[in-house]
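Asks: I'd like to ask some things about the structure below.
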Amino acid sequence: SPMSLPVSQKGFTLIEMIATLVILGVLASIAVPKYYDLTREAQNRGALQAVVEGKARLSINYARLFLENAEPPSASNLVNAVGVTTSVGDYTLTLSIDGTSSDIKIIALGKPGISGTNSGLWSLPQR
């Protein structure tokens, strides 16, 4: 008869499609913030590596200045030798004497487009 329905229909019902979209939305709402957290953490770890590089530069210059002058350098001489601000990859290091004359604070800030930041402290060796 002309009014009969087809025996087999292929495709998804509206309810199945809505359920799929809801599941995808829930997954995306969990995954996207986690991705941004991982990105931020990776950039902060990159900044930590820049701080470690800054400590290495301070150590190398401490040894160099000690050998050249036959006496340990002061913190201010050491900061001047390395540079108050210096570039390490995607980060800019800022060195400053931290309160006492034997500690140097190292702050790493990301260059434009890099949001990572970290800091550390380097102490002059004890005599």
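Asks: Report yes if some residue within segment 38-61 is assigned to a loop (DSSP other than H, G, I, E, B), free of Cβ contacts under 8 Å to residues at least 40 places away in the same chain and not aromatic (F, W, Y); otherwise report no. Walk me through it before giving the result.
Replies: Initial filter on segment 38-61 (assigned to a loop (DSSP other than H, G, I, E, B)): none.
No - not one qualifying residue is present in segment 38-61.
Asks: For segment 86-106, enumerate the residues that are in a strand (DSSP E or B) and either without any contact (Cβ under 8 Å) to a residue 40 or more places away in the chain or on the phi > 0 side of the Ramachandran plot (or both).
Replies: Taking segment 86-106 first, the residues in a strand (DSSP E or B) are 86-88, 91-97, 103-106.
Selection gives T86, S87, V88, T92, T94, S96, I97, D103, K105.
Asks: Within segment 78-85, does at least one residue satisfy the condition of being in contact with a strand residue (DSSP E or B) (Cβ under 8 Å, 6 or more places away or on another chain) and assigned to a strand (DSSP E or B)? Reasoning before the result, please.
Replies: Step one: list which residues in segment 78-85 are in contact with a strand residue (DSSP E or B) (Cβ under 8 Å, 6 or more places away or on another chain), which gives 78-79, 82-85.
In the following step, the residues that additionally are assigned to a strand (DSSP E or B) were identified as 85.
The answer is yes; a qualifying residue exists.
Asks: Considering only segment 62-76, state which residues are among the aromatic types (F, W, Y) and open to solvent by less than 70 Å² (accessible area, probe 1.4 Å). Spell out the reasoning first.
Replies: Residues of segment 62-76 that are among the aromatic types (F, W, Y), as a first pass: 62, 66.
Y62, the sole residue that qualifies.
Residues are listed down the side, and each one gets a yes or a no for (1) under 17 Å from I107 (Cα atoms); (2) at pLDDT 95 or above; (3) open to solvent by 70 Å² or more (accessible area, probe 1.4 Å):
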| position | (1), (2), (3) |
| --- | --- |
| L24 | no, no, yes |
| L27 | no, no, yes |
| V32 | no, no, yes |
| Y35 | no, no, yes |
| L38 | no, no, yes |
| G46 | yes, no, no |
| I60 | no, yes, yes |
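Asks: Please find, within segment 93-119, the residue that is modelled with the lowest pLDDT out of those that are of a type in the set (A, V, I, L, M) and open to solvent by less than 60 Å² (accessible area, probe 1.4 Å).
Replies: Step one: of segment 93-119, the residues of a type in the set (A, V, I, L, M) are 93, 95, 97, 104, 106-109, 114.
Pick out the ones that are also open to solvent by less than 60 Å² (accessible area, probe 1.4 Å) and you get 93, 95, 104, 106-108, 114.
Values: L93: 96, L95: 95, I104: 94, I106: 96, I107: 96, A108: 96, I114: 88.
Looking at the filtered set, the residue picked out is I114.
The values are calculated or read from the model by the stated rules, or taken from the named source; none is laboratory data. What you are looking at is a predicted structure, and each value in this text was computed from that prediction instead of being measured. No Cβ is skipped: glycine too gets one built from the backbone with ideal geometry, and neighbour counts run over all protein chains shown. Ligands, DNA and RNA are excluded from the accessible area calculation, which covers all protein heavy atoms including side chains. Shrake-Rupley method; radii C 1.70, N 1.55, O 1.52, S 1.80 Å.
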